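The structure under discussion appears below in the form of structure tokens.
Read-outs: derived from the displayed coordinates by stated rules, not from any lab. Since the model is a prediction, treat every value here as computed from it, not as a measurement. Here the Cβ is made from the backbone with ideal geometry for all residues, glycine too, and neighbour counts use every protein chain on show.
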Amino acid sequence: MDIRHLTYFIEVAKYKSFTKASKSLSLSQSTISKVVKSLEEELNVELIDRSAKKIKLTDAGEIVLAEGEIIMESLNDLSIHLYDLMNLKKGK
């Protein structure tokens, strides 16, 4: 799994739509769909229930979303801390 897969999945979950996520990410809907499907295959679990008109996360999808948001927040914090260090706002 890479960050790109997680980012795309989080966008789909946020918008509950592949189309809206693709517009938000400026990518084609098929690209987003393929990446999410690839993530599902890698994790060997269905993340999205595609049976209804609007998508719905499965229980596994809810877990991946919650943990994925934590991971993305941690990466953002890491970037901020490194930026602060490089600009001598913090540290020695």
When both residues are 6+ apart or on different chains and their Cβ atoms are under 7 Å apart, which pairs have a first residue that lies in the range 22-36 and is without any contact (Cβ under 8 Å) to a residue 60 or more places away in the chain and small (Gly, Ala, Ser), and a second that is surrounded by fewer than 20 Cβ atoms within 10 Å (Cβ to Cβ) and part of a helix (DSSP H, G or I)? Ser22/Gln29; Ser24/Tyr15
Filter the range 52-69 down to the residues that are of a type in the set (A, V, I, L, M, F, W, C) and in a helix (DSSP H, G or I), then identify the one that is surrounded by the most Cβ atoms within 10 Å (Cβ to Cβ). Val64
Residue pairs qualifying under the 6 Å Cβ cut-off, at least six apart or on distinct chains, with the first in the range 1-15 being over 10 Å from Ser33 (Cα atoms) and the second being in a helix (DSSP H, G or I) and of a type in the set (Gly, Ala, Ser), are Leu6/Gly68; Ile10/Gly68; Glu11/Ala21; Glu11/Ser24; Tyr15/Ala21
In the range 33-51, how many residues are within 19 Å of Ile71 (Cβ to Cβ) and either of a type in the set (Lys, Arg) or not in a loop (DSSP other than H, G, I, E, B) (or both)? 8
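Residue by residue, here is whether (1) of a type in the set (A, V, I, L, M); (2) within 13 Å of the chain's Cα centre (by Cα) holds:
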| site | (1), (2) |
| --- | --- |
| Ser28 | no, no |
| Val35 | yes, yes |
| Leu39 | yes, yes |
| Ala66 | yes, yes |
| Glu69 | no, yes |
| Asp84 | no, no |
Would it be correct to say that Met72 is touching a residue at least 40 places away in the same chain (Cβ under 8 Å) and not in a helix (DSSP H, G or I)? no
Being assigned to a loop (DSSP other than H, G, I, E, B) and among the hydroxyl-bearing types (Ser, Thr, Tyr) is the filter; apply it to the range 15-32 and report the residue that is surrounded by the most Cβ atoms within 10 Å (Cβ to Cβ). Ser17
